[in-house]
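Undergrad: Handing you a structure now.
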Amino acid sequence: MEKKIFEQMVKDAAASGNFLQKLLPFLKEHRKEKLPVIWIETNDSGDNNISLMNSTFPYLGQIFDDLIDLLYSNTMMAAQGKDAVFILEQAAKKYSGRYTLVVEGAVPVRDNGLYNIIYKTEQGDVTALEAVRELGKTAKYVVAAGTCASFGGPSAARPNITGSMSVQAVLPREVIRVSGCPINPDWLVGTLAHLLLYGRPELDDQGRPVLFYGFTIHRHCQRRSYFDTGNLADSLGDIRCMFSQGCMGPVTFADCPYRQWVDHINWPVKASTPCIGCTNPDFPDGSTPFFTPMPQKGPNELGPQTGGKNNE
Ligand code: SF4
Ligand code: F3S
C-alpha cells in the first residue's frame, strides 16, 4: 500500500474525526506483525498515558491487539517489583535493535538523576537517566510522548529544581518528538503506525511528525476570520478571536482545530479557551502568564517561529 494513501487517510480522517477507526482495518490488512514497544514513564503527570487510554473507536484494547505489542510499561502493566524488572530485561534483550522506546516524561539530571528512580535492583537504584540512556542504545526508534519528554515541558519549568531535561538532551541519537500536554491519542498512535508501516515519518525542525504538526493552530482556526478583520474578544466567552485573551495559536503547531479532542468533538478554542501553546518547545514558561496577550508575556514575540513548515 502506498505511503501516500496512509498520509491522505490521516488527513481525511482528521477532518471527519475518526482516524483510529479507519486505522485499524488498514493495519489488519497491511501489517505483518505488531510494533514492539517498551514504554517508560519518567518525570511527568501521567497525562499522556491517560489520554491514550481515553481512545475511543477503537478502544485501547484494540490498539494493543492490532498495533502495539506493549512489552513493558511501568504504568500500565500488571507485574510489579522483580517480576516487572525481569520482563523489562528480557524484552530489551529479545527485541534488541527492533523495539521502539516510548518515553513519557522529562529526565531529571541533577544529582545524577536521583530525583526519578524507575526501579530498584539488588545492584542498586536505576534512575530515569540511566534507564533512558541504556534502553535508548538498543532501541530501533525513540519516541518522546508529551511535551515533558519532547522539550522538558512543565517538569522543566522554572525553577526546575530536579534539573529535568528533554529525552533528546540526554540521548545522542534521533528522538521523534510527539509533543502536547497531553498528546492527542491520534498523534501518538499515528506516529507508531507510521513506524510500523513505513518507518521514520517526515519530521519538522523540532523533530515532530509533520503529519500532525505541519501547520499552526491559527491557520485552521474557526475564529480566523475574526482575527483577519481585527475583531478581537473583549473577554473570555466572547465568540470573537482570542488573541487579545492570550491565545498562542499563531505560534503553535498542531492540528487541533480539525482533528479535535474528547472523541474528536471539541478543542480549546471551540470550548472558548485560548490555545496555551502546549506543543511548543518553550511551554509552559514561554506561554505564561496565561490569558495575557503574546507581546506581554514570556520570551515569545510574533514573528518567525520554530516548528512546522507553514508559519501562518
Ligand atoms: Fe484562533 Fe487564536 Fe488565531 Fe484567534 S489567535 S484566530 S482564537 S488561533
Ligand atoms: Fe494544546 Fe493549543 Fe491544541 S493548548 S491542545 S496545542 S489548541
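The values are calculated or read from the model by the stated rules, or taken from the named source; none is laboratory data. Note that the structure is predicted; figures quoted are calculated from it, not measured. Heads up, the Cβs are rebuilt from the backbone with ideal geometry, glycines too, and the neighbour counts pull from every protein chain shown. In case anyone asks, the SASA skips ligands and DNA or RNA and just uses the protein heavy atoms, side chains included. Shrake-Rupley method; radii C 1.70, N 1.55, O 1.52, S 1.80 Å.
Undergrad: Need the failing condition index for D255 against (1) modelled with pLDDT of 95 or more; (2) open to solvent by 40 Å² or more (accessible area, probe 1.4 Å); (3) not hydroxyl-bearing (S, T, Y), just the number.
TA: Of everything listed in (1) modelled with pLDDT of 95 or more; (2) open to solvent by 40 Å² or more (accessible area, probe 1.4 Å); (3) not hydroxyl-bearing (S, T, Y), D255 misses just condition (2).
Undergrad: For the stretch 201-251, give me each residue that is within 23 Å of the chain's Cα centre (by Cα), more than 8 Å from ligand 1 (Cβ to nearest atom), closer than 25 Å to D285 by Cα and aliphatic (A, V, I, L, M).
TA: L203, V210, V251
Undergrad: Next question, about the same structure. Wholly within the stretch 85-172, which strands (runs of 3 or more DSSP E) include no fewer than the required count, namely at least 2 residues that are of a type in the set (V, I, T) and either in the same structural domain as N280 (by TED's automatic domain parsing) or open to solvent by less than 10 Å² (accessible area, probe 1.4 Å) (or both)? Before you say what the answer is, go through the steps one by one.
TA: Details: elements: 100-104, 117-121, 124-127, 141-145.
Once the strands (runs of 3 or more DSSP E) in the stretch 85-172 are filtered for at least 2 residues that are of a type in the set (V, I, T) and either in the same structural domain as N280 (by TED's automatic domain parsing) or open to solvent by less than 10 Å² (accessible area, probe 1.4 Å) (or both), what remains is 100-104, 141-145.
Undergrad: Ok, one more. Under 6 Å by Cβ, and 6 or more places apart or on different chains, what pairs join a residue from the stretch 70-89 that is under 16 Å from V132 (Cα atoms) with one that is polar (S, T, N, Q)?
TA: T75/N49
Undergrad: If you check Q260 against the conditions, is it within 16 Å of ligand 1 (Cβ to nearest atom), at pLDDT 95 or above and not assigned by TED's automatic domain parsing to the domain that holds L35? Working first, answer last.
TA: Working: within 16 Å of ligand 1 (Cβ to nearest atom): yes; at pLDDT 95 or above: no; not assigned by TED's automatic domain parsing to the domain that holds L35: yes.
Criteria not met by Q260.
Undergrad: Return the residue satisfying two criteria in turn: it lies in the stretch 204-226 and is in contact with a helix residue (DSSP H, G or I) (Cβ under 6 Å, 6 or more places away or on another chain) and more than 13 Å from ligand 2 (Cβ to nearest atom), and of such residues it is least open to solvent (accessible area, probe 1.4 Å).
TA: Out of the qualifying residues, it is P209.
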